[in-house]
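Asker: I'd like to ask some things about the structure below.
None of the figures in this text is laboratory data; all of them are computed from the coordinates on show. Remember, predicted model here, so these are calculated numbers, not experimental data. No Cβ is skipped: glycine too gets one built from the backbone with ideal geometry, and neighbour counts run over all protein chains shown.
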Amino acid sequence: AVATRQPEACARALSGALEVGVAPCALTELARALSEPRQLIRALAAEGAEGGGLSSTAGLAVDDFAAAAEAAAASMDEGQLRDRAVELAGAISRGHFLHTRRVEEGLRAAEVGLVAACSERGGGALQHLLGEKERAQGERRAELEELLRRRTLEAAEAATAQISEEAAGRQASARVEAEQRVEGGIRQNREEAQQRLGALAVPLGVLGEVVQSGQGLQQRSRAINALSGALLALEGALLAGRTSGAELAALQEAGGAADDFVRRLLARVPAETMARSRAAVLTEPQLRRSLKEQLGGLAAVALAPPQTGLLGSIGSHLVGRLLASAYHLRAAEWNPDASDSPTKAAQRNLVALSRAAALAEGGDLQATLEVLGELTGECRAKAQAWVEDTRHALLLRQAARAVQAKACCLNSALL
């Protein structure tokens, strides 16, 4: 039917195709157009009018062209109609081509404008973004520099504090080590002195608070204060191992003004002891250390065989030192023996030296003196110097303690 181009044949064929369910396609559309020649002519006229731009310039409408085409077609045969359709199709094609070219030119112009506008806007946006980026980078750089400066300062302060702390720690350690190197005996004497000073500080403090109730009480208080001061000076000299003659003289003078007991007590101190006070008096730690150093020589004397002549004396000393180097003093039970043989005498002396060493190590110098008094012979003679030094030192300390007790009693009486 399409090949014949007959409207009636195309209409019948299209109706039959639709009845049997043929799907729409290009062939069915062409058959529908050929089955309605009026619609085809109208479409061709509309396309021609749009392509030539005649509808708006000549005041003609599409219907006018369609009516004119129908009028012309009524007088045309089939061949002429086909030629007319071909002409109209060519016109439509040319119109499409012109319209497409105008659209493309408009698109190119719009594209150029759009590209220029986009470039201009993009350049502005890029400059803005670059400025914002530089500003953000500057702010970030400033923040990082400030953070770095602050952390550097904190690290420097922390390092300085750590170095100062370490230096202080090293100084403290050095100070502690230096203090630890001080003799234990000096520390013990300092504690004893502090205890005695504390015992005297209470009476002195009480004396300062006593209400002055008379000239006699004031004089007695001043005398007791002077006595306490002289006693403190004597205690300090004895603990430091200095000469104490001036302190004893001051104590005698202050004691005579305070109470007759002090004067009578000091008068009973042996003259030799008072004379020795003009020189340095050994402290108790020094006495213990001195005895420890002499024990080897005393043991050598105790172990030395009897002497006969000069050569015998030299040989006796050599043998005694040799035996003493191999002998270890031990604290032994005292076993008195009436025998006077040299061997028994040496044994008694060694036992006495062992007991004296143990007592001195325990700090009991009074008992040490009593044990060393049991030595005999040359061993006793060799130990005599230490015995005398210790006896005089203990006498001075006993006198000082007695005066201290009397001062406490006098202070209590004032209350």
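Asker: What FRET efficiency do you get for residue 186 and residue 166 if R0 is 22 Å and r is their Cβ-Cβ distance, rounded to the nearest 0.05?
Answerer: Calculated value: 0.10.
Asker: Pop a pseudo-label 7 angstrom from the Cα along the beta-carbon direction at both residue 275 and residue 142 and give the gap in nm to one decimal.
Answerer: 9.6
Asker: How would you rank 287, 295, 147, going from fewest to most other Cβ atoms within 10 Å of each one's own Cβ? Walk me through the numbers before you get to the answer.
Answerer: Numbers: 287 21, 295 18, 147 10.
So the residues, fewest neighbours to most, are 147, 295, 287.
Asker: Using R₀ = 56 Å, calculate the FRET efficiency as 1/(1 + (r/R₀)^6) where r is the Cβ-Cβ separation of residue 20 and residue 126; round to 0.05.
Answerer: It comes out at approximately 0.25.
Asker: Still on this structure: Set the Förster distance to 41 Å, then compute FRET efficiency between residue 197 and residue 150 from the Cβ-Cβ distance, nearest 0.05.
Answerer: Plugging the Cβ-Cβ distance into 1/(1 + (r/R0)^6) gives 0.15.
Asker: Provide the gained length on full extension for the span residue 84 to residue 134, in nm with one decimal, where the gain is 0.36 nm per separating residue minus the Cα-Cα distance.
Answerer: Gain on extension, residue 84 to residue 134, equals 10.8 nm.
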